Amino acid sequence: MSIAQAGDDILKIRWFVVGICLLAYTPLAQTAEGESPKPLTIAKEPGSNFDASNFAAGQGRELVIANCTACHSDKLVTQNRSDSQGWRELINWMQKKQGLWPLDPKTEDAIVEYLATYYGRPQVADDTRRPALPEHLMPPISSSPPTPPSPGRKIRD
């Protein structure tokens, strides 16, 4: 076998492997029923296009589902935390930059109130962490950087 023939064989093997990989990924583009997935569309109006089962039960939940899950899942909403002002700023940003439709003031107020109530800023940095130390227990802050120990000197006994 010559070097040219060996090179051709390697090229054929590579194309064969690429073909097998493409065939292996083809089923991923189908749904469980074997149908092609729906084409991706941009939401232009309220309506739930994503899972909304994780939203907390409460006043305003249906408005949040109708307006928020038209574009993204409940997980994107529920992983965020903010106060009323922050949620309102986020809605305004989505309207200006992301194509969110205009909300009447009453609807926007109800959505903001729901989000701030159930997905407001936690009292501590993370609900699973202890609260921050009080100021009087914090270590002193020096304006100058710490002096490195001289060679051979122990830092602590």
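Quick notes
- Among the residues of region 59-82, the ones that are part of a loop (DSSP other than H, G, I, E, B) and at pLDDT below 90 come to 9 in all.
- Scanning region 90-118 for residues that are exposed (fewer than 13 other Cβ atoms within 10 Å of the Cβ), more than 18 Å from the chain's Cα centre (by Cα) and either closer than 19 Å to Ala57 by Cβ or of a type in the set (D, E, K, R) (or both) turns up Lys96, Asp104, Lys106.
- Filtered residues of region 49-83 (kept if among the small types (Gly, Ala, Ser), in contact with an Asp or Glu (Cβ under 9 Å, 6 or more places away or on another chain) and surrounded by 12 or more Cβ atoms within 10 Å (Cβ to Cβ)): Ala52, Gly60, Ala70, Ser73, Ser82
- Subset of region 47-97 (residues that are touching a residue at least 24 places away in the same chain (Cβ under 8 Å) and among the hydrophobic types (A, V, I, L, M, F, W, C)): Phe50, Phe55, Ala56, Leu63, Val64, Cys68, Ala70, Cys71, Val77, Trp87
- So Leu22, is it loosely packed, with under 10 Cβ neighbours inside 10 Å and either at pLDDT 85 or above or among the hydrophobic types (A, V, I, L, M, F, W, C) (or both): yes
The values are calculated or read from the model by the stated rules, or taken from the named source; none is laboratory data. Everything numeric in this text was worked out from a predicted model, so none of it was measured. Note that we place each Cβ from the backbone using ideal geometry, even for glycine, and neighbour counts take in every protein chain shown.
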